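Peer 1: Starting off with a structure, shown below.
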Amino acid sequence: MDFAFDARTEELRARLLAFMDEHVLPAERVAEEQRAALASPWDTPAVVGELKAEARRQGLWNLFLPDSEDGAHGAGLTNLQYAPLAEITGRSPQLAPTALNCAAPDTGNMEVLAQFGTDEQKKQWLEPLLAGEIRSAFAMTEPEVASSDATNITTRIRREKGGTSRSSGAESGGEYVISGRKWYISGAMNPDCKIFIVMGKTDPDGPDIRRQQSMVLVPRDTPGVEVRRAMRVYGYEDHYHGGHAEVVFDEARVPVTNLVGEEGGGFAIAQARLGPGRIHHCMRLIGMAERAIELMCRRAVARTAFGKPLAQQGVVQEWIADARVAVEQVRLLVLKTAWLMDTVGNKGAHTEIQAIKIATPRAVVDILDRAVQLHGAGGVSQDFPLAELWAAARTLRLADGPDEVHQRSLARRELKRYL
C-alpha cells in the first residue's frame, strides 16, 4: 500500500487549497449575511452560485466521480486520489462540497444513476445533476420503523398495469403507486431539489427480505408528494445542505420506466450507494477535525488563564496531542479503505468501510468536543463553527447506519472464523 500522493493529486490539492483560502473560507461570513436577507431560508445565497462558477472555471468539479462510472463528466479520480481532496472540503462542509458539486446526497444519487440508470434516466436527471443545475434527495429513512434495519421500511410501491398518469394525463404502459412517510430526507427542502430516489417495497411478502425492495425516481412536483416540514438536527436546520425533510407520498404515481435497476434490486442498490457515501463522509470528517485542531491551537496561544497562555496548560497540550494522534490514525484507515475499494472493490473493502464508519465520527466528535471546551462560551456560539461542526459529526454516528449496526456486522465476520 503506497499512500504517497501522485502528481495529479498533488496538483489538484494545491489548486483546491488555494481555492479554499481565496474563495470558500472568506465566503462563509458573506453567505451568512446574504442568507439573512433571503425571502426563504431555503433559498441559496448568491455567493454559493459564484463559488460554483469559479470551481467549474478552475476545473474543480465533480471530483468524486471515479473513472469506472462517468469520467467524461467528472475528474475521473480513484478513491485514493479523491480522499485528500474531500478532506480539504471538510474544512468548510457547508460550502465547499456544494461549490465543487461534491455534496451529499447528490453524489450518491449521481453514482446510482450512473451505475443503474437507463439512458433516458441519465439524460433527464443525471446530466443536470452533473452540471449542478438541479439538486436531488434520497428517500429511505422512515419514522415508524427502526431504519437501522433497511428491510423494515414500510413504504409501498405498488405496480398497476396501464392507466392514466396523474402527472401527464396520458395513457401509460403501467405505473408505480407510492405510499409512505419518510423523514430526514436530506436536501428535500432546497427549492432546486427536483428529483427523489425513493426506496420502498414492491414485494412486501416475498420470501427473501432483501429482494422485497425497489427504487423508483419520483419528481418533486408529482401529485401526491408533500414535503411536509424541515427536521432539525440538534436545533440546526442545515440550510446549506438543503435541509432534512419529512416527506409524505400519498398515492404518488410515476411511470414504470422510472424504476431504477430491477424490481427487487433496491436493497443491493442501497448498499452499493452507501459504501462510497460512508467513505466520503469520513474523508470530510478528517478535514473538520483538522480545522478544529487549527482553531484549538490559535485559541491556545491567544488566550491567558491563571497567569499563563492556555498553550502552556498541561491539559490543553494533552488535548492537542491526542487530537493529532487520532486524526493520523483515522486518516491512515481511511486511505487504506480507499485503496482497497480501488483494488478489490467495495465488497472486498467491506470490513474497512465499516471500521472507518465506526472510528472516524467517534474520533472527530471527541476532538470537536475538546475544541468547544477550549473556546469556552465561544465554542457553543455562532461566532465559531465548532458547535455546528460537532452537531454534523455527531449525526454521522447515526447516518448511513448507526455504530451498533456496523459493530454487529464486524463482530459476526470476526467470529465466523472461530465457529
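The values are calculated or read from the model by the stated rules, or taken from the named source; none is laboratory data. Nothing here was measured: the structure is a model prediction, and the numbers come from that model. For neighbour counting, all protein chains shown are included, and Cβ atoms are generated from backbone atoms with ideal geometry for every residue, glycine included.
Peer 1: Any residue in the stretch 347-363 that is in the same structural domain as residue 332 (by TED's automatic domain parsing) and farther than 15 Å from residue 80 by Cα sitting within a Cβ distance under 8 Å of a residue that is hydroxyl-bearing (Ser, Thr, Tyr) and buried (at least 20 other Cβ atoms within 10 Å of the Cβ)? List the pairs, counting only those 6 or more apart or interchain.
Peer 2: Note: pairs meeting the criteria are 355/337.
Peer 1: Then there is this: List the number of the failed condition for residue 18; all other conditions in (1) modelled with pLDDT of 95 or more; (2) in contact with a His (Cβ under 6 Å, 6 or more places away or on another chain) hold.
Peer 2: (2)
Peer 1: Mind counting the residues in the stretch 94-129 that are closer than 17 Å to residue 51 by Cβ, outside any loop (DSSP other than H, G, I, E, B) and not β-branched (Val, Ile, Thr)?
Peer 2: Adding up the residues that qualify gives 4.
Peer 1: Which residue out of 88, 134 is within 25 Å of residue 28 (Cβ to Cβ) and touching a Leu at 6+ places or on another chain (Cβ under 9 Å)?
Peer 2: On the way: 134 fails: touching a Leu at 6+ places or on another chain (Cβ under 9 Å).
Going through 88, 134 in turn, the sole match is 88.
Peer 1: Quick test for you: out of 376, 345, pick the one residue that is on the phi > 0 side of the Ramachandran plot, at pLDDT 95 or above and not β-branched (Val, Ile, Thr). Steps first, answer last, please.
Peer 2: Numbers: 345 fails: at pLDDT 95 or above.
Among 376, 345, only 376 is on the phi > 0 side of the Ramachandran plot, at pLDDT 95 or above and not β-branched (Val, Ile, Thr).
Peer 1: Tell me which of these residue 144 doesn't satisfy, since it passes every other one: (1) out of contact with any Pro (no Cβ under 6 Å at 6 or more places or on another chain); (2) more than 19 Å from residue 268 (Cβ to Cβ); (3) outside any loop (DSSP other than H, G, I, E, B); (4) not assigned by TED's automatic domain parsing to the domain that holds residue 28.
Peer 2: Residue 144 satisfies every listed condition except (3).
Peer 1: If we keep just the residues of the stretch 179-216 that are of a type in the set (Gly, Ala, Ser) and either touching a His at 6+ places or on another chain (Cβ under 7 Å) or surrounded by fewer than 21 Cβ atoms within 10 Å (Cβ to Cβ) (or both), which is nearest to residue 252 (Cα to Cα)?
Peer 2: Step one: list which residues in the stretch 179-216 are of a type in the set (Gly, Ala, Ser), which gives 179-180, 186-188, 200, 206, 214.
Filter once more, so that each one left must be either touching a His at 6+ places or on another chain (Cβ under 7 Å) or surrounded by fewer than 21 Cβ atoms within 10 Å (Cβ to Cβ) (or both): 179, 186-187, 206.
Working: 179: 7, 186: 20, 187: 20, 206: 23 Å.
Top of the filtered list is 179.
Peer 1: Looking at residue 53, is it in a helix (DSSP H, G or I), under 23 Å from residue 278 (Cβ atoms) and out of contact with any strand residue (DSSP E or B) (no Cβ under 7 Å at 6 or more places or on another chain)? Lay out the reasoning, then the answer.
Peer 2: On the way: in a helix (DSSP H, G or I): yes; under 23 Å from residue 278 (Cβ atoms): no; out of contact with any strand residue (DSSP E or B) (no Cβ under 7 Å at 6 or more places or on another chain): yes.
Spelling it out, it is not the case that residue 53 is in a helix (DSSP H, G or I), under 23 Å from residue 278 (Cβ atoms) and out of contact with any strand residue (DSSP E or B) (no Cβ under 7 Å at 6 or more places or on another chain).
Peer 1: I would also like to ask the following. Of everything in the stretch 130-148, what is modelled with pLDDT of 90 or more and closer than 17 Å to residue 215 by Cα? Give them in sequence order. If you could, list the steps in order and put the result at the bottom.
Peer 2: So the first thing to find is which residues in the stretch 130-148 are modelled with pLDDT of 90 or more, and the list is 130-146.
Once the filter is applied, which keeps residues that are modelled with pLDDT of 90 or more and closer than 17 Å to residue 215 by Cα, the stretch 130-148 yields 136, 137, 138, 139, 140, 141, 142.
Peer 1: Would you list the strands (runs of 3 or more DSSP E) that sit entirely within the stretch 204-280 and hold 3 or more residues that are under 30 Å from residue 346 (Cα atoms) and modelled with pLDDT of 95 or more?
Peer 2: Working: elements: 213-219, 225-230, 244-255.
Hits in the stretch 204-280: 213-219.
Peer 1: Which one of these does residue 76 not meet: (1) without any contact (Cβ under 8 Å) to a residue 24 or more places away in the chain; (2) within 23 Å of residue 117 (Cβ to Cβ); (3) part of a helix (DSSP H, G or I)?
Peer 2: (3)
Peer 1: Then there is this: With the condition being more than 27 Å from residue 143 (Cα to Cα), I'd like the helices (runs of 4 or more DSSP H) fully within the stretch 330-419 carrying at least 2 qualifying residues. Before the answer, list the steps.
Peer 2: Working: elements: 350-375, 386-395, 403-416.
It comes to 350-375, 403-416.
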